[in-house]
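Contents: one structure, followed by commentary.
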């Protein structure tokens, strides 16, 4: 079997790229007077309360740590993975986009996506002028392994797998993913944005076994920090070095770093919210099955439910009139007349169910 070779996958211009050297990346150690980065020494009138506390770090008038080491050290403790193997992006979308820029030559290379799935994989491919080869999921929303292997050629650089999958909510068969990891010599990107709600274990521990694996996590879902835009990429140190080489110098702002750090210290509260979400999902699934206009509730291992309904457009507009927003996924392959419902609080779920009882 051909051995995985990272050097063969990286674009030549990226190999030769000399990354931007920022003032904060050149500075090491402790200092009291910062006169290196042309910042406003008088500071800003807008200061988050957390910055005023002793030991909270530099204020908003200073450039942030370009490599977010404090955040990575805390993430390392929680994830059980070395900090030097972690990349933090401005949302997972930045992790995805940088992967295209490192590995895919525009107009030449291609990637594989498996619809219905997260839409940014295809959008990033289009932005970067990279062909996206689509291999539909099977009717039970599993990977078509034979179909994927059949479209791979020497220009296939990335394979995107979202598990639990968005918008279907289910996990993919673990043996299928392992088979692809063993037989595809490009980069396999496993998007585990919803893994905290899942019964399936993360692929993080497999990173030591597969050099061609990148696992994506996020603080947007289980951690409830969607507004901060903190996406995580876990990979070999060689791959992380490439990501750090290509990323903008200050891609994660100081506020996001500080608030993310505070959130990581509240693991018990986060786990309690995950438990509540799963309990509410089970209750919501049970209640939704009682409506005759809902034809199927697909099994979910995430914080949302995909439901096949009699008329998705009509139901969506009805809920909109009641100021309830769900996601109409009818435009996705295999999702005709399907709506995606995010699990809400008990009050939000009750509001939804009350509105549905008057739908006709």
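The values are calculated or read from the model by the stated rules, or taken from the named source; none is laboratory data. Computed from a predicted model, the values in this text were never measured in an experiment. Every residue, glycine among them, receives a Cβ derived from its backbone with ideal geometry; neighbour counts consider all protein chains shown.
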Could you please give the count of residues in segment 317-339 that are crowded, with 18+ Cβ neighbours inside 10 Å and not in a loop (DSSP other than H, G, I, E, B)? 4
Can we say residue 172 is assigned by TED's automatic domain parsing to the domain that holds residue 143, more than 23 Å from residue 101 (Cβ to Cβ) and out of contact with any helix residue (DSSP H, G or I) (no Cβ under 8 Å at 6 or more places or on another chain)? yes
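The rows are residues; the columns are (1) farther than 25 Å from residue 339 by Cβ; (2) surrounded by fewer than 21 Cβ atoms within 10 Å (Cβ to Cβ).
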| position | (1), (2) |
| --- | --- |
| 106 | yes, yes |
| 120 | no, yes |
| 163 | no, no |
| 176 | yes, yes |
| 208 | yes, yes |
Residue 256 fails exactly one of (1) under 19 Å from the mean Cα position of the chain (by Cα); (2) touching a residue at least 60 places away in the same chain (Cβ under 8 Å); (3) in a helix (DSSP H, G or I); (4) within 30 Å of residue 13 (Cβ to Cβ), namely (2)
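Each row is one residue, and each column tells you yes or no for (1) in contact with a strand residue (DSSP E or B) (Cβ under 9 Å, 6 or more places away or on another chain); (2) at pLDDT 90 or above; (3) more than 27 Å from residue 20 (Cβ to Cβ); (4) outside the structural domain of residue 201 (by TED's automatic domain parsing).
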{"position": "45", "(1), (2), (3), (4)": "no, no, yes, yes"}
{"position": "78", "(1), (2), (3), (4)": "no, yes, yes, no"}
{"position": "85", "(1), (2), (3), (4)": "yes, yes, no, no"}
{"position": "97", "(1), (2), (3), (4)": "yes, yes, no, no"}
{"position": "117", "(1), (2), (3), (4)": "yes, yes, yes, no"}
{"position": "120", "(1), (2), (3), (4)": "no, yes, no, no"}
With the checklist (1) assigned to a loop (DSSP other than H, G, I, E, B); (2) in contact with a helix residue (DSSP H, G or I) (Cβ under 9 Å, 6 or more places away or on another chain) in hand, flag the one item residue 270 doesn't pass. (1)
Going by what's in this entry, would residue 280 be described as modelled with pLDDT under 95, buried (at least 17 other Cβ atoms within 10 Å of the Cβ) and either on the phi > 0 side of the Ramachandran plot or assigned to a helix (DSSP H, G or I) (or both)? no
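Yes/no matrix, rows are residues, columns are (1) in contact with a helix residue (DSSP H, G or I) (Cβ under 8 Å, 6 or more places away or on another chain); (2) closer than 21 Å to residue 339 by Cβ; (3) not assigned by TED's automatic domain parsing to the domain that holds residue 98:
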{"residue": "226", "(1), (2), (3)": "no, yes, no"}
{"residue": "276", "(1), (2), (3)": "no, no, yes"}
{"residue": "299", "(1), (2), (3)": "no, yes, yes"}
{"residue": "315", "(1), (2), (3)": "no, yes, yes"}
Every residue in segment 340-358 that is surrounded by 15 or more Cβ atoms within 10 Å (Cβ to Cβ) and more than 23 Å from residue 274 (Cβ to Cβ), please. 355, 356
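Kindly establish whether residue 285 is part of a helix (DSSP H, G or I) and in contact with a strand residue (DSSP E or B) (Cβ under 6 Å, 6 or more places away or on another chain).
Spelling it out, residue 285 is indeed part of a helix (DSSP H, G or I) and in contact with a strand residue (DSSP E or B) (Cβ under 6 Å, 6 or more places away or on another chain).
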Kindly list the number of the only condition in (1) assigned by TED's automatic domain parsing to the domain that holds residue 22; (2) outside any loop (DSSP other than H, G, I, E, B); (3) surrounded by 19 or more Cβ atoms within 10 Å (Cβ to Cβ); (4) in contact (Cβ under 8 Å) with a residue 60 or more places away in the chain that fails for residue 305. (1)
Can you work out which of the residues in segment 195-206 that are in contact with a strand residue (DSSP E or B) (Cβ under 8 Å, 6 or more places away or on another chain) and part of a loop (DSSP other than H, G, I, E, B) is surrounded by the fewest Cβ atoms within 10 Å (Cβ to Cβ)? 202
Among the residues in segment 177-186, are any outside any loop (DSSP other than H, G, I, E, B), closer than 30 Å to residue 285 by Cα and touching a strand residue (DSSP E or B) at 6+ places or on another chain (Cβ under 7 Å)? yes
